C-alpha cells in the first residue's frame, strides 16, 4: 500500500474511531513535515509517515510493528483475562491498533523476561511455529538441589511430560549452581520448564527468559519496552 487516507491511518493506529480522528484532523492536529493536513479523506504517502506528527507528537509507527517487552511478574500475556495484562504496559491506544499486537511466545503469569509482541503475522509464525527452530533461553532457580541427571534426561529426546503423548525435543540444561541454571528450548509447550522439573520432583521458584534467537533483553528494566530496529528483525529472517 503506497498511500492511505488520513482518517483510516489514524484509526488503524488506535487514535480513535474514524469519526473521532476525522474531527481531530479538521481541528489541525495532523502534520507531515510541518505541513498541516485538515482533510481526513486526503491520501498520504506511507513513505512520508516518519515525518508525521499527531497533536505535536511524532506519529506512532505503522504496521508491521514489533516490540520487545521485559515482562514483570504477575502480568498475563493475554488480551482478555482478568488482572494485570502485558498490554497495560503499552500506550493505551495501542490496544486498539489494527492489526492488533500479539505475544509471540507467551510467558506464564509467574515468569519474567523477554516477550516479543508483533502485528506481523509472518514473523509471528516464524517465532512460534514448531517447524522453525528458534532457541529460547531461560534462567531457572529451583526449590531443591539438582540431582545431577537433569542434563542427560532433558536432552534425551524421549522425555515425556504427564498427559503428553509426544516426547519433548532435546533441551539443553546448563547447571550454574546447586539450584540454578540455564535452560535452552526449541519449543514452547504450556508451562514446559515448570512441568519438566516437576516431573523430576523439583519445583521452579523463578523463571526468567532473557533471549530469543539472537535477540537479548539487554539492560531493559522490568516493564520497559522498545521497538525492534531493522537489524534486529533480520535476526528472525524478516525482510526490512
Scan the stretch 90-124 residue by residue and report those that are within 25 Å of residue 205 (Cβ to Cβ), over 12 Å from the mean Cα position of the chain (by Cα) and buried (at least 19 other Cβ atoms within 10 Å of the Cβ).
-> 111, 112
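Residues are listed down the side, and each one gets a yes or a no for (1) within 18 Å of residue 112 (Cα to Cα); (2) surrounded by fewer than 18 Cβ atoms within 10 Å (Cβ to Cβ); (3) outside the structural domain of residue 114 (by TED's automatic domain parsing); (4) modelled with pLDDT under 95:
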position	(1), (2), (3), (4)
146	no, no, yes, no
151	no, yes, yes, no
173	no, no, yes, no
203	yes, yes, yes, no
Can you tell me how many residues in the stretch 125-144 are surrounded by 13 or more Cβ atoms within 10 Å (Cβ to Cβ) and either modelled with pLDDT of 95 or more or part of a strand (DSSP E or B) (or both)?
-> 8
Close pairs (6 angstrom Cβ cut-off, 6 or more residues apart or separate chains): closer than 24 Å to residue 132 by Cβ in the stretch 213-230, surrounded by fewer than 15 Cβ atoms within 10 Å (Cβ to Cβ) and at pLDDT below 95 anywhere = 213/235; 214/235; 215/235; 230/240
Which condition does residue 176 not pass, out of (1) more than 15 Å from residue 111 (Cα to Cα); (2) out of contact with any strand residue (DSSP E or B) (no Cβ under 9 Å at 6 or more places or on another chain), if it passes all the others?
-> (2)
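Which one of 103, 52, 63 is under 22 Å from residue 228 (Cα atoms), out of contact with any helix residue (DSSP H, G or I) (no Cβ under 7 Å at 6 or more places or on another chain) and modelled with pLDDT under 95? Break it down into steps so the answer makes sense when it comes.
Numbers: 103 fails: out of contact with any helix residue (DSSP H, G or I) (no Cβ under 7 Å at 6 or more places or on another chain); 52 fails: modelled with pLDDT under 95.
That would be 63, the only listed residue that is under 22 Å from residue 228 (Cα atoms), out of contact with any helix residue (DSSP H, G or I) (no Cβ under 7 Å at 6 or more places or on another chain) and modelled with pLDDT under 95.
Conditions (1) assigned to a loop (DSSP other than H, G, I, E, B); (2) free of Cβ contacts under 8 Å to residues at least 12 places away in the same chain; (3) buried (at least 17 other Cβ atoms within 10 Å of the Cβ), marked per residue:
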residue	(1), (2), (3)
8	no, yes, no
11	no, no, yes
20	no, yes, no
25	no, no, yes
28	yes, yes, no
40	yes, no, yes
48	no, no, no
In the stretch 4-29, what count of residues is obtained for those that are over 18 Å from residue 94 (Cα atoms) and in contact with a helix residue (DSSP H, G or I) (Cβ under 7 Å, 6 or more places away or on another chain)?
-> 3
Among 44, 115, which is the only one that is at pLDDT 95 or above, part of a strand (DSSP E or B), outside the structural domain of residue 226 (by TED's automatic domain parsing) and at negative phi?
-> 44
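The values are calculated or read from the model by the stated rules, or taken from the named source; none is laboratory data. Not measured: the values here are computed from a predicted model. So basically every Cβ, Gly included, is an ideal-geometry build from the backbone, and we count neighbours across all protein chains shown.
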